[in-house]
Amino acid sequence: MTTPPSAAPFRFPVAARYAGMESSPLKDIFALAAREDVVSFAGGIPDPELFALEDVTACYDWVLAHQGHRALQYGVSEGELELREQAARRVSRDLPTDASQIRVTSGSQEGLFVLAQALLEPGDVVLVESPTYLAAVQAFSVHGARMIGVDTDDDGVIPEALEEAIRTHHPRMVYLIPTFQNPTGRTMPVERRQAVAEVLARTDVPLVEDDPYGALSFTGHTWAPIAALPGMGERTILLNSMSKLMSPGVRIGWMRAEGPVLDTLAVAKAAISMQSSVVDQLMVARYLETVDLDAHVARVSAVYRERRDAMSAAIAPVLPAGAHVTRPEGGMFLWAALGEGYDAQEMLAAAVEAGVAYLPGWSFFADHADRSTMRLSFVTHSPAVIEDAVARLGEVIAAHRA
């Protein structure tokens, strides 16, 4: 039997929570990055030339030679013990942690989805920085949560604004990225972290603290997570990832938590993906045991610092008067607000036509988006490529002056 020519093509019904999400900023990032005719600053995509390929290869070889049958078998939802032990050692540099407090995820992105599945009910409010990580907003939104943006300044979320938002909206949780924040690159000083922790403790609101970039410091200085402050370990789920430190293709990260929520997180993880790849977990465990990750990160951070410097120097003279741009002390992103009269989304097509791409900033706001903003990642390209592409971007900005 054949379908009549006049019949409409079949379409699967889509859940309301995904309505209008045929595309997404994340999907578009990777599409732009794949274009050979465009220099893309849109995604936080590490330069593959900086991967420790020989070390990773050696670790996979060792795992398959010595633990091959186990590596290719099912694992446990909590994560393989060796990896949880290695993760606990790293977290314990700032916050005493044992393997039982670690839950392995397939990157931090799955961690956000797992905790959303475990913690959120439709209609719950999540307070986030304004702006915040766009894929966190997506992960929480598809679980029916409502995101409320909290005012920020160059030091991160403003404690007084956070307390007022808690009093007004009675949130289920607060989601923050205190160190080298995505998208702005800002870092919250110690005094601000302490003030935020005091607000959360006083109002008894849990914290989800995302820290995928914290080790990528350009100064050698690192910041302990808010979770490490007195009384915060028990009320914080801390997320870490190997994606930005070793390789994003190896989808391994972890969550650190305390108490009964650990069991709930494991159940949610099992419902979503059963377990993360065992062979990848064992490889990362071997890597952390035998390779000096800190030395590798220091080498990568030195390269990123040069590229940050190149982008900062190149973009300053092409921005309009009154524009604001961040100069991050680490991480992967620079954030520019062009100011009134500019719409970064409307400018994007002209920029791509000129051979350069960025990510319009509106998608990082839970509400009240500043459409003049753009996120630019400096980590993928050499200083020479950055300088040339930013010059072309400057021509596009000049053509769109209000």
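Values in this text are rule-based calculations from the coordinates and carry no lab data. In this text, all values refer to a predicted model and were calculated from it rather than measured experimentally. Positions of Cβ are backbone-derived with ideal geometry, glycine not excepted, and every protein chain shown enters the neighbour counts.
What to note about this one:
- In a DSSP loop and with at most 13 other Cβ atoms within 10 Å, the trypsin sites (Lys or Arg not before Pro) in the stretch 70-128 are ARG93.
- Working note: 222 nm ellipticity from helices only, DSSP H runs with n ≥ 4, each -39,500 (n - 2.57), summed and divided by the residues of the chain, gives -13000 deg cm²/dmol to the nearest 500.
- Those chymotrypsin sites (Phe, Trp or Tyr not before Pro) in the stretch 88-158 that DSSP places in a loop and that have at most 10 other beta carbons within 10 Å: none
- Neighbour net charge for SER372 - beta-carbon separation under 11 angstrom, K R +1, D E -1: -3
- Gyration tensor verdict on the stretch 54-290 (Cα atoms; rounded if a/c is under 1.5, prolate if a/b is larger than b/c, oblate otherwise): prolate
- At least 30 Å along the helix axis (C-alpha) and Kyte average at least -1.0, DSSP helices within the chain: 293-315
- Mean separation of Cα pairs under 8 Å and 6 or more residues apart, divided by the residue count, gives the chain a relative contact order of 22 percent.
- Taking the fewest neighbouring Cβ atoms within 10 Å as the starting point, the ordered list for HIS368, HIS169 is HIS368, HIS169.
- Loop sites in the stretch 311-380: GluC sites (Glu not before Pro), DSSP, at most 11 other Cβ within 10 Å: GLU340
- Springs join every pair of Cα atoms under 10 Å in this Gaussian network model of the chain, and among ARG146, ARG11, ARG186 the largest mean-square fluctuation is at ARG11.
- Furthest towards positive pole of dipole, SER277, SER217, LEU245, structure part the stretch 54-290, Cβ charges: SER277
- Counted by Cβ distance under 14 Å from TRP62, the other residues give a net charge of -4, where Lys and Arg count +1 and Asp and Glu count -1.
- Reciprocal mean inverse distance between Cα atoms of the chain - Kirkwood radius, Å: 22.2
- Candidates ALA19, ALA42, ALA350, ranked by Gaussian network fluctuation over the chain, Cα under 10 Å, top entry: ALA19
- Neighbourhood charge, 14 Å Cβ-Cβ cut-off, centred on GLY339 and excluding it, Lys, Arg +1 and Asp, Glu -1: -1
- Label point distance in nm, GLU198-ALA391, each placed 7 Å from Cα along Cα→Cβ: 5.1
- For the chain, modelled as a GNM whose springs connect Cα atoms under 10 angstrom apart, the maximal fluctuation among LEU293, LEU134, LEU338 occurs at LEU293.
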